[in-house]
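Any read-out appearing in this document is the output of simple, stated calculations on the displayed coordinates, not a laboratory observation. Bear in mind the structure is a predicted one, so any value in this text is a computation, not a measurement. We place every Cβ from the backbone using ideal geometry, glycine too, and count neighbours over all the protein chains shown.
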Amino acid sequence: MEIKSGTTEASGSRSDIFINYSSVIVSGTAGLFLLFAVGAIYGPGGLGVFNQVFAIYIICSQVAALGIHLSVLKHVAECVEDVPMRQTVFTSGLVAAFPIALGAGVFIWAVQDIVGDLLNSPDVGYGMRWAALGVFFFSFNKILLFELNALSRFKEYAVYQACRYVLMLMTLGLLIALGAPGKNAPATLAASECILFIFMLISLRRELNLPGLPDLKLWTRRHISFGARACGGHILLDMNTRVDVLFLGYFTTDRVVGVYSMAAILAEAAYQLPLVMRTIFNPRVIRMLYEKRIADLQRLVRKSRWILSGGMLLAGVIGVIQFPWLLPIITGRPEYAEITSYFAVIMLGMVIASGYVPFGLLLVNAGRPGLQTIMVMVLVLFNMVGNAILIPLLGSIGAAISTGFVYVLSVILLKAFAHRYLGFQI
């Protein structure tokens, strides 16, 4: 899907929305099968190891990207009709990301034993070496995906998002067939990102055009400046979804983490429903802010929030009813029936927040990435304090309560920051 000349605003068609929701279904299904396979073959302990490595991997990948993907999204969307300019913006973003991604990968490899000792799990430490390779490619893939988003190439974006989880599942199948031990399950992260990088780079080859040295320096500095202010919020935002798992890993055992993380990831899978609309809305929101069409933006918020909240509520009810008896049957592990309370509490917070999820990058899209970082910093601080207090007091359900509350707090803060710093209400 190419960007047509003369387009002043990118907007997703019904087919774009449909294929992105289909991508979520495919990704979610593949992700669930991945979890079920790890949990069934390697047990709750193996699943706990995998999810602890995955939590660290997600956080470190955001550091490696340094928010440059957000700068690419914003600036490409603003100059989408100027082909040479958007090529300069995109290519400079990849160049700027290379030394940062390489440094992050080397660092993760170097601290693998330290992480294993801290979490009392040598297998987690071993899995870090796979995370190191995956992080390097993941940081570039963020830029490639956000370039597709900025260009409103939603169909390709959806296909590649689904490919990530399908490739992970295929890699896991190969590992199981080879009889590899559970500590190698994080290899799925590295293999999928490497293959995905090759596919997307080929797809976006026409957008690659190395600019002259003056333009390259200008845009490299601009990307790093914008990204450095934005990355804190993006790193913390992903950290916020893993804080509960990491705190449980510190306070409890790999088995407890495995059971809880099954509930948390199932809830996160449902959360992809409103996140699809953020992908579709991102270019449109950027153009509305750039052209100061605030009334149009407010109408968009009002129109979408009730539909999304209703959809999430339905997903939550179905999950609470189905998962407690379905998961033990699928995995052959009766302990996964314990997820009901975790899932219900987390989903309650998600339902309340879901109507505003498509506008979660509002401050970044408005060119205020530093404010986004401050807002998310408050969320993570609340989540960390909540987990540190509630897990020792209430056990693993305390992690679910803290996580659910932070989703509600995210809406309160987004509305407050938009009113205070952008001058309008949402």
Self-check item: Inter-part distance where the range 153-203 and the range 27-96 are each reduced to a Cα centre, Å
Solution: 12 Å
Quiz item: In what order do LYS303, LYS415, LYS217, LYS183 fall by count of nearby beta-carbon atoms within 10 Å, going from fewest to most?
Solution: LYS303, LYS217, LYS415, LYS183
Quiz prompt | FRET efficiency, 1/(1 + (r/R0)^6) with R0 56 Å, evaluated for VAL106 and ILE318 via beta carbons | solution = 0.80
Quiz item: For VAL83 and ASP215 in the same chain, what is the full-extension length gain: residue separation times 0.36 nm, less their Cα-Cα distance, in nm?
Solution: 46.1 nm
Quiz item: What FRET efficiency, computed as 1/(1 + (r/R0)^6) with R0 = 41 Å and r the Cβ-Cβ distance, is obtained for ILE198 and LEU393, rounded to the nearest 0.05?
Solution: 0.25
Self-check item: Helix-only mean residue ellipticity at 222 nm for the chain, each DSSP H run of n ≥ 4 adding -39500 (n - 2.57), per residue, nearest 500
Solution: -28500 deg cm²/dmol
Quiz item: Arranged by the count of other C-beta atoms within 10 angstrom, fewest first, what order do PHE50, PHE137 take?
Solution: PHE137, PHE50
Quiz item: Which one of GLY395, GLY46, GLY28 has the biggest mean-square fluctuation once the chain is modelled by GNM with Cα springs under 10 Å?
Solution: GLY395
Quiz item: Cα centroids of the range 338-353 and the range 112-139: how far apart, whole angstrom?
Solution: 29 Å
Exercise. Sticking to Cα atoms, compute the Rg of the range 22-99 to one decimal and its Dmax as the biggest Cα-Cα distance, whole number, in Å.
Key: 18.3, 53
Practice problem: Compute from the Cα atoms of the range 124-177 the Rg and the Dmax, the latter being the longest Cα-Cα distance, and quote both in angstrom. | Solution: 13.7, 40
Quiz item: Which length gain, in nm to one decimal place, applies between VAL95 and GLN425 when the Cα-Cα distance is subtracted from 0.36 nm times their residue separation?
Solution: 115.0 nm
Quiz prompt | Pairs of Cα atoms farther than 13 Å apart, the range 17-66, % | solution = 67 percent
Exercise. Rounding to the nearest 20 debye, state how big the charge dipole of the chain is about its Cα centre with +1 on each Lys and Arg Cβ and -1 on each Asp and Glu Cβ.
Key: 1140 debye
Self-check item: Alpha-carbon radius of gyration plus Dmax, which is the widest Cα pair, for the chain in Å
Solution: 20.7, 62
Quiz item: Is the range 296-408 best put as rounded, prolate or oblate by its Cα gyration tensor, with a ≥ b ≥ c the root eigenvalues, rounded for a/c under 1.5, and otherwise prolate when a/b is larger than b/c, oblate when not?
Solution: oblate
Quiz item: So what is the orientation-averaged projected area of the range 95-159, using the convex hull of its C-alpha atoms, in nm²?
Solution: 5.4 nm²
Self-check item: Sequence of THR373, THR220 once ranked by neighbouring C-beta atoms within 10 Å, starting from the fewest
Solution: THR220, THR373
Exercise. Subtract the Cα-Cα distance of ALA228 and ARG129 from 0.36 nm times their separation in residues, and report this length gain in nm to one decimal.
Key: 33.1 nm
